[in-house]
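The values are calculated or read from the model by the stated rules, or taken from the named source; none is laboratory data. These figures come from a predicted structure and were not determined experimentally.
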Amino acid sequence: MTMLAINWGNALIITLVGFSLVFIVLMLLIGVIVLFGKIFAKRTSQPQVAEAPAVESLDEEMAAVAFALHMYYDVHDEESDVLTIKHDDSPYWPLSQENNVSF
């Protein structure tokens, strides 16, 4: 028997056992998660939510809220497409310009 010979019967059995084991463990995990969901759903009681009373909003209040939102979201001005480069007083700036070296 050579080293390259493959016993396809054993390989198939190992493959089937591996796949079935993975699916069985996944099904068990789903069962545990569903069980925990049911246990903790029974423990926590749903608090009664009181409905908010109907409030009439005045036009002035609505305008003030709209203006506040407008001022909050539109504080950034429009920028041009011009790129500006600030030249630092670094000792390396002349070096990069003279020798065409980019850092």
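Worth pointing out:
- Qualifying residue in the stretch 74-84 (condition: at pLDDT 65 or above, of a type in the set (S, T, N, Q) and in a loop (DSSP other than H, G, I, E, B)): yes
- Single condition residue 51 does not satisfy, out of (1) modelled with pLDDT under 75; (2) assigned to a loop (DSSP other than H, G, I, E, B): (1)
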